[in-house]
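Here's the structure, in structure tokens; my notes come after.
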Amino acid sequence: MIWLPVMGLIIGAAIGYISHVHIPVAFSSYLSIAVLAALDTVFGGVRASLEKSFDGRVFLTGFFSNILLAALLAFIGNQLGVDLYLAAVVAFGVRLFQNIAVIRRIVFERMSQRGKGIRELKRP
């Protein structure tokens, strides 16, 4: 199931690249935090898939709720005149890097296990 979040990321990036949609500067903070929330969810999905605990419903509900919550937080902060979106940037940024670190660790462990298995097979 690792293909679902990765495929969604690739399709979304391709649509965004091809469509040439211009976002007004007034909405740039909302879009940036929504993209960061989406990336956090995608990498969380990849991590869950590698840990064999991926659930498509949890992924999809988390994807949309994270995006909406982050955009809402940015909107409320904008209405109050406070940069509340920075709190979401920090929170999602930390989670994003944690997920990437765990993904990297899992991939390296699996690569080293495969390497050990191949070396054991080659022994006379």
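Just so it is clear, none of the values below were taken in a lab; they were calculated from the coordinates. These numbers come from a predicted model, not from an experiment. As a convention, Cβ positions derive from the backbone with ideal geometry for all residues, glycine included, and neighbour counts pool all protein chains shown.
Values computed for the structure shown
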item: Degrees between helix 28-50 axis and first principal axis of the chain (Cα, 0 to 90, nearest 10); result: 20
item: Among Ser28, Val107, Ala48 the positive-end extreme of the charge dipole of the chain (Cβ point charges); result: Val107
item: Computed magnitude of the charge dipole of the chain (debye, nearest 20; Cβ of K, R +1, Cβ of D, E -1); result: 900
item: Ascending count of other beta-carbon atoms within 10 Å, so fewest first, for Val21, Val102, Val94; result: Val21, Val94, Val102
item: All-pairs Cα distance distribution in the stretch 3-122, expressed in whole percent, bin size 5 Å; result: 2, 11, 16, 18, 17, 13, 9, 5, 4, 2, 2, 1, 0, 0
item: C-alpha long axis of helix 85-122 to longest principal axis of the chain, angle in °; result: 10
item: 0 to 90° range, to nearest 10: angle between helix 56-80 axis and the chain longest Cα axis; result: 30
